[in-house]
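These notes are about the structure you will find just below.
The values are calculated or read from the model by the stated rules, or taken from the named source; none is laboratory data. Every value quoted in this text rests on a predicted model; they were computed, and no experiment measured them. Quick reminder, even Gly has a Cβ in these numbers, built from the backbone with ideal geometry, and neighbours come from all protein chains shown. Please note that ligands, DNA and RNA were not included when accessible areas were found on the heavy atoms of the full protein model with its side chains. Shrake-Rupley method; radii C 1.70, N 1.55, O 1.52, S 1.80 Å.
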Amino acid sequence: NTTESTGAVETLDDVPEHVLRGLPEDVRLFPSAVDKTRLGVWATKSILKGKKFGPFVGDKKKRSQV
């Protein structure tokens, strides 16, 4: 069951550079499996339960802003 949204297709050009630089080594951004107009986060290999990522950079957003 997929959800398609209307509007332009999100590309890597839309992603701030600091986000791309901050991705963990085995994580990539590719078209979403849920919404083909958006990017999704994909792992190139299994990630162990409890694995921590960071430090994170960027602007803190409220839930209503995302």
(message) Around GLY58, under 13 Å between beta carbons, what's the net of Lys plus Arg minus Asp minus Glu among the other residues?
(response) +1
(request) Convert 37 °C to kelvin, take the viscosity as 0.692 mPa s, use the Kirkwood radius over C-alpha pairs of the chain as Rh, and evaluate the Stokes-Einstein diffusion coefficient in µm²/s, rounded to a whole number. (result) 237
(request) Calculate, for the chain, the solvent-accessible area per residue in square angstrom, rolling a 1.4 angstrom probe over the heavy atoms of the protein chains. (result) 93
(message) Given points 7 Å out from each Cα along the Cα-Cβ axis, report the ARG63 to ASP26 separation in nanometres with one decimal.
(response) 3.1
(request) Tally up the carbon and sulfur contribution to the accessible surface of the chain as a whole percent, 1.4 Å probe, everything protein left in place. (result) 54
(request) Be a star and scan the range 14-40 for residues whose amide nitrogen sits under 16 Å from the point 7 Å along the Cα-to-Cβ vector of LEU48. (result) 25-26
